[in-house]
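The values are calculated or read from the model by the stated rules, or taken from the named source; none is laboratory data. Because the structure is a prediction, the values reported are computed rather than measured. FYI the Cβ positions are ideal-geometry reconstructions off the backbone, even for glycines, and counts take in every protein chain you see. Note: areas computed on protein heavy atoms with side chains; ligands, DNA, RNA excluded. Shrake-Rupley method; radii C 1.70, N 1.55, O 1.52, S 1.80 Å.
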Amino acid sequence: MGIKFGREYNDIINDFTDALRGVEGCCEFLEMPADDWDAMSEEEQKECMKTLADDLFYGLGVEAKMSIGDCMVTHDPKRHLIRIDQGETLTTVIYLV
């Protein structure tokens, strides 16, 4: 199925990466111990999150909701956006158009 988007793909992934960096428990989703994550440089962490954002983007084209750490990532095709929610709180919206 895939996700339809009108913005530049790199801009979407950069926004998605920045949003994921604020999600608690991402290193656990990557199956990485917190000590290993903390030992990485900020640039290395950002590259890991960018890879995760890319994988999630394609995954959301198949499965509309995915759980990452303590957040739910949802593709809303009607509104052309990706939502990242933490509990009852909307954390981030990434616009696709």
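By the helix-only formula, in which each DSSP H run with n ≥ 4 contributes -39500 (n - 2.57) and the sum is divided by residues, the chain has a 222 nm mean residue ellipticity of -13000 deg cm²/dmol. Say we join alpha carbon atoms closer than 10 Å with springs in a Gaussian network model of the chain; which of Val62, Val23, Val73 then has the biggest fluctuation? Among Val62, Val23, Val73, the largest GNM mean-square fluctuation belongs to Val62.
In degrees from 0 to 90, rounded to the nearest 10, what is the angle of the helix 42-60 Cα long axis to the longest principal axis of the chain? The two axes meet at around 40 degrees.
As a length-normalised measure over Cα pairs under 8 Å and 6 or more apart, the relative contact order of the chain settles at 32 percent. Between the Cα long axis of helix 9-21 and the first principal axis of the chain there is an angle of about 50°, rounded to the nearest 10. Split the accessible area of the chain by element, probe 1.4 Å, and carbon with sulfur accounts for 48%. Spin-label model, Tyr9 to Asp54: label points 7 Å out along the Cα-to-beta-carbon direction sit 0.9 nm apart. Of all aspartates and glutamates in the structure, the ones whose alpha carbon falls short of 14 Å from that of Lys50, not counting any fewer than 8 places away in one chain, are Asp11, Asp15, Asp18, Glu42.
Of all the Cα-Cα pairs you can form in the chain, what percent are over 16 Å apart? Considering the chain, 53 percent of its Cα-Cα pairs are separated by more than 16 Å. Counting only aspartates and glutamates at least 8 places from Lys4 when in the same chain, those with an alpha carbon closer than 15 Å to its own are Asp54, Glu63, Asp76. With all protein chains kept in place, the per residue accessible area of the chain amounts to 62 square angstrom at a probe of 1.4 angstrom. Measuring r between the beta carbons of Glu63 and Ala34 and using R0 = 25 Å, the FRET efficiency lands at 0.40. Between Glu43 and Asp18, the contour length at 0.36 nm per residue exceeds the Cα-Cα span by 7.8 nm.
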